[in-house]
Amino acid sequence: MDKRNLPIAFFDSGVGGISVLREAVALMPRENYLYFGDSANAPYGTKSVEEIRSLTMAHAERFRKQGIKALVIACNTATSAAIASLRAVYTDMPVIGIEPALKPAALMSDHPTVIVMATPLTVSAAKFHELLGHYSDRADVIPLGCPGLMEFVERGCLDTPQVDSYLRELLEPYLRDREVDAIVLGCTHYPFVRPLIRKIAGDSVRIFDGGQGTARELQRRLAAEDLLTDRKEHGSVVFDESIPEKTELCRMLLQGI
Ligand code: DGL
């Protein structure tokens, strides 16, 4: 089979990576996609780096055996823990990761105040501290670990009173104390509660996520390696959830519930 027509694999600890997948499908609708959400082992954000790395490496190997042309780690947490190991092993295909979209937020105005919402692992990882180092003189950055938030999305609770009060308790102390200019959604599950975050933060706060940038980077890498499909018709999306009952939620999130 022509390598260009193999599927692109997307991986996340659960259903969150669909916020990245939907951007890729919008940008490259003729590609075939294979989505694996490891909901059975979620959350990753409260596990150790070693555990996340070994889960991610095992899933990547399984994908690889299925025949793929590129791998997208649509999970900020797994990217921090495993991207270097993955790139060391899979040198012959694009391996794309995602990190909190701090750059556009930090550069949006003169020294903005930016909250970065992410999993506990992402905000404590060396990779995030390195990213912070690049922008700490350009912005006032508040890293905010959000243990428990991805679980609401995993249950399909995107607009319930429970997730509303969780988010208010988390964000309001910061929003009350100072002028916040931007919020970065540094976990791929969080764009699914973006409308609620918008309601709590108000219209003056800009909200960033890395989904579109990651999809564009994937397109650039495929083009650079002559791996874009030559298919003329729409491609397909195949969901492979480690909890098969979640497949319906995956479909709904992709279509935009
Ligand atoms: N979706 C994942 C991320 O982008 C993490 C969720 C989790 O498993 O804790 O970081």
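The values are calculated or read from the model by the stated rules, or taken from the named source; none is laboratory data. All values derive from a computational prediction rather than experimental measurement. In this analysis, Cβ positions are derived from the backbone assuming ideal geometry, glycine residues included, and neighbour counts consider all displayed protein chains.
Is it the case that Val163 is touching a residue at least 40 places away in the same chain (Cβ under 8 Å), within 16 Å of the ligand (Cβ to nearest atom), out of contact with any Ser or Thr (no Cβ under 8 Å at 6 or more places or on another chain) and of a type in the set (A, V, I, L, M)? Break it down into steps so the answer makes sense when it comes.
On the way: touching a residue at least 40 places away in the same chain (Cβ under 8 Å): no; within 16 Å of the ligand (Cβ to nearest atom): yes; out of contact with any Ser or Thr (no Cβ under 8 Å at 6 or more places or on another chain): yes; of a type in the set (A, V, I, L, M): yes.
No, not satisfied.
I'm told Arg178 meets every condition in (1) at pLDDT below 95; (2) surrounded by 19 or more Cβ atoms within 10 Å (Cβ to Cβ) except one. Can you identify the failing condition by its number?
With (1) at pLDDT below 95; (2) surrounded by 19 or more Cβ atoms within 10 Å (Cβ to Cβ) applied to Arg178, the lone miss is (2).
Filter the stretch 96-127 for residues that are surrounded by fewer than 22 Cβ atoms within 10 Å (Cβ to Cβ) and hydroxyl-bearing (Ser, Thr, Tyr); which is nearest to the chain's Cα centre (by Cα)?
Ser124
Looking only at the stretch 78-95, which residues are crowded, with 24+ Cβ neighbours inside 10 Å and out of contact with any strand residue (DSSP E or B) (no Cβ under 8 Å at 6 or more places or on another chain)?
Result: Ser80, Ala81.
All but one of (1) touching a Pro at 6+ places or on another chain (Cβ under 6 Å); (2) within 25 Å of Gly256 (Cβ to Cβ); (3) assigned to a loop (DSSP other than H, G, I, E, B) hold for Leu158; which doesn't?
Of everything listed in (1) touching a Pro at 6+ places or on another chain (Cβ under 6 Å); (2) within 25 Å of Gly256 (Cβ to Cβ); (3) assigned to a loop (DSSP other than H, G, I, E, B), Leu158 misses just condition (1).
Quick check on my filter: what residues within the stretch 119-142 are touching a His at 6+ places or on another chain (Cβ under 9 Å) and part of a strand (DSSP E or B)?
Residue satisfying the conditions is Asp140 alone.
Determine if the stretch 225-234 includes at least one residue that is touching a Ser or Thr at 6+ places or on another chain (Cβ under 9 Å) and of a type in the set (A, V, I, L, M, F, W, C). Walk me through it before giving the result.
Within the stretch 225-234, the first condition is being touching a Ser or Thr at 6+ places or on another chain (Cβ under 9 Å), and the residues that meet it are none.
Among the residues of the stretch 225-234, not one is touching a Ser or Thr at 6+ places or on another chain (Cβ under 9 Å) and of a type in the set (A, V, I, L, M, F, W, C), which makes the answer no.
Go through the stretch 73-94 and give me each residue that's within 16 Å of the ligand (Cβ to nearest atom) and β-branched (Val, Ile, Thr). Can you show your working first?
Filtering the stretch 73-94 down to residues within 16 Å of the ligand (Cβ to nearest atom) leaves 73-83, 86.
Residues satisfying the conditions are Ile73, Thr77, Thr79, Ile83.
Looking at the structure I just gave you, is Pro191 assigned to a helix (DSSP H, G or I) and not hydroxyl-bearing (Ser, Thr, Tyr)?
yes
With respect to Glu151, is the statement that it is at pLDDT 95 or above and either loosely packed, with under 15 Cβ neighbours inside 10 Å or assigned to a helix (DSSP H, G or I) (or both) true? Give the steps one after another, and end with the answer.
Numbers: at pLDDT 95 or above: yes; either loosely packed, with under 15 Cβ neighbours inside 10 Å or assigned to a helix (DSSP H, G or I) (or both): yes.
Judged against the criteria, Glu151 is a match.
Tell me which residues, restricted to the stretch 118-142, are of a type in the set (Gly, Ala, Ser), away from the ligand (no atom under 16 Å from the Cβ) and either closer than 20 Å to Tyr174 by Cα or in contact (Cβ under 8 Å) with a residue 24 or more places away in the chain (or both).
Ser136, Ala139
Take the residues of the stretch 45-75 that are closer than 15 Å to Val89 by Cβ and among the aliphatic types (A, V, I, L, M): which is nearest to the chain's Cα centre (by Cα)?
Selected residue: Ile73.
Go over the candidates Ala40, Ala60, Ala74 one by one and state the one that is surrounded by fewer than 24 Cβ atoms within 10 Å (Cβ to Cβ) and touching a residue at least 60 places away in the same chain (Cβ under 8 Å).
Exactly one residue qualifies, and that residue is Ala40.
Among the candidates Gly210, Gly156, Gly145, single out the residue that is within 12 Å of the ligand (Cβ to nearest atom), closer than 20 Å to Phe10 by Cβ and either surrounded by fewer than 16 Cβ atoms within 10 Å (Cβ to Cβ) or not polar (S, T, N, Q) (or both).
Every option except Gly210 fails the conditions.
Can you work out which of the residues in the stretch 174-186 that are out of contact with any Pro (no Cβ under 8 Å at 6 or more places or on another chain) and either under 16 Å from Leu121 (Cα atoms) or part of a loop (DSSP other than H, G, I, E, B) (or both) is nearest to the ligand (Cβ to nearest atom)? Spell out how you get there, then give the answer.
Going through the stretch 174-186, the residues out of contact with any Pro (no Cβ under 8 Å at 6 or more places or on another chain) turn out to be 174-180, 183.
Now drop any that are not either under 16 Å from Leu121 (Cα atoms) or part of a loop (DSSP other than H, G, I, E, B) (or both), which leaves 178-180.
On the way: Arg178: 26, Glu179: 27, Val180: 21 Å.
The extreme case among them is Val180.
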